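Worksheet: one structure, shown below.
The values are calculated or read from the model by the stated rules, or taken from the named source; none is laboratory data. Keep in mind that this is a model prediction, so the values were computed, not measured. For neighbour counting, all protein chains shown are included, and Cβ atoms are generated from backbone atoms with ideal geometry for every residue, glycine included. For accessibility, only protein heavy atoms count, side chains too; no ligands or nucleic acids. Shrake-Rupley method; radii C 1.70, N 1.55, O 1.52, S 1.80 Å.
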Amino acid sequence: FDEQCYKWAAHELLLFYYCVKRIAPVCKACILLVVVTPFAHSQRKRSPLVGGDANLSHNLASYFELTYSRYELFFCIQNPEDPAIETVNLLIKQYPNVKARLFVETRDTCLNPKINNLLPGYEAGQYDLLWITDSNIKVTPNTLTDMVARMTENIGMVHQLPYTTHADSFAGYLDKIHFGGSHGRIYLTTNACGVNCASGMSCLFRKHLLDDVGGLETFGCYIAEDFFLAKSIYDRGWRFALGNEPCFQNPGIRSVKNYVARMIRWSRLRMAMVPLISAFEPISECIVCGLIGAYGINHFAKIGFGTIYGIHIGCWFIFDMLLIKLIQPTPLELSWKLPAMWIFRECVSIWIFVRALSSRTIIWKNQKYRVLCGGKAEPCKK
């Protein structure tokens, strides 16, 4: 009888240890800051029109349907006349069992408009876990549970691989090819090597790590606040973890023009933050890499240049499609737009790099900035 009691006690202790180590972290309370980004139909219309995004309500509703047990939603909007306010209030009434608050406050304390948007919600947050995401992101019910489970003892931040939902348009396939192919390849590789590659689209932090350096406002002098925020955490000895699910961008309006403008802006930011690495970016692209390789093989092995280059292009396309298939949780959609937009992206990437070299000025949130060496920025004079 005594032996059975000891066995029972040992079993209960092991079960308790498992609950503390594995289950308890998943039950930590979390604050979710959703940045309702000002949206404009065109550059000419300066007014923020978030309500013009057809997918806004659908995206925001996905946060109310998370299966995580303890979280609170903070929606941050700057313009008191923004149509998105009505959308958020309707969702709060539709989901009365989910704790949610709406912050409508105009601040101009930082250069970065996203940080200004976030500050009221950040200051009101009482929990240590803080998830910052954008309103054009659609989440699955298990997204937060997965991210919190990845937040182990030595992890300071959990991020997600940027990807996109499916849209049967040229711009939709272009987004899929970029984020699932070229961007996904570099993102996963740098993450595996332990290099800071975190994207600010969806990140889970330990809030006290930001409080220790002065809070979010400390990073308001940067346009790429996500890079420097992650760098601050990494430099203090904390490590990052990549979530099991990708981050699904689900904008209501997509266009090839917006994609090109976005890539030029990102390229100019990288050139200012990591100029040495950015100088070698063209070599990582399919066309330039293939030209160098085919020339070398042709010169030393005397194999036809066109043969080697054709094989290189074909293999690169196949491996990109395999990577997209691995990242995308649903079957890959087969369409002639897929290879067509893959060719377009590979060709336009060189032009984007050259275009990015021509200026240090970027347009973000309908405002013009000049990016300085090191990553800081200053507003352009009107």
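Test I297 against the stated conditions and say whether it is in contact with a Cys (Cβ under 7 Å, 6 or more places away or on another chain), open to solvent by 50 Å² or more (accessible area, probe 1.4 Å) and in a helix (DSSP H, G or I). Considered against the rule, which asks whether it is in contact with a Cys (Cβ under 7 Å, 6 or more places away or on another chain), open to solvent by 50 Å² or more (accessible area, probe 1.4 Å) and in a helix (DSSP H, G or I), I297 comes out as no. In summary, K302 fulfils each of the numbered conditions (1) open to solvent by less than 60 Å² (accessible area, probe 1.4 Å); (2) at positive phi with the single exception of condition (1).
The condition of being farther than 30 Å from L322 by Cβ, open to solvent by 20 Å² or more (accessible area, probe 1.4 Å) and either of a type in the set (F, W, Y) or assigned to a helix (DSSP H, G or I) (or both) holds for only one of F248, F240, F228, F205, that being F228.
Residue-level analysis places L322 outside the set of residues that are open to solvent by 30 Å² or more (accessible area, probe 1.4 Å), touching a Lys or Arg at 6+ places or on another chain (Cβ under 8 Å) and under 20 Å from Y163 (Cα atoms). For the subset of the stretch 269-288 comprising residues that are open to solvent by less than 30 Å² (accessible area, probe 1.4 Å) and farther than 19 Å from M341 by Cβ, which member is farthest from the chain's Cα centre (by Cα)? Across the stretch 269-288, the extreme among qualifying residues is P282.
Among the residues of the stretch 20-41, is there at least one that is at pLDDT 90 or above, assigned to a loop (DSSP other than H, G, I, E, B) and either of a type outside the set (A, V, I, L, M) or in contact with a helix residue (DSSP H, G or I) (Cβ under 6 Å, 6 or more places away or on another chain) (or both)? Walk me through it before giving the result.
Residues of the stretch 20-41 at pLDDT 90 or above: none.
Checked the stretch 20-41: no residue is at pLDDT 90 or above, assigned to a loop (DSSP other than H, G, I, E, B) and either of a type outside the set (A, V, I, L, M) or in contact with a helix residue (DSSP H, G or I) (Cβ under 6 Å, 6 or more places away or on another chain) (or both).
When the stretch 342-382 is limited to residues that are aliphatic (A, V, I, L, M) and out of contact with any strand residue (DSSP E or B) (no Cβ under 7 Å at 6 or more places or on another chain), the one that is surrounded by the fewest Cβ atoms within 10 Å (Cβ to Cβ) turns out to be V354. Per this entry, L188 is counted among residues that are among the aliphatic types (A, V, I, L, M), in a helix (DSSP H, G or I) and surrounded by fewer than 19 Cβ atoms within 10 Å (Cβ to Cβ).
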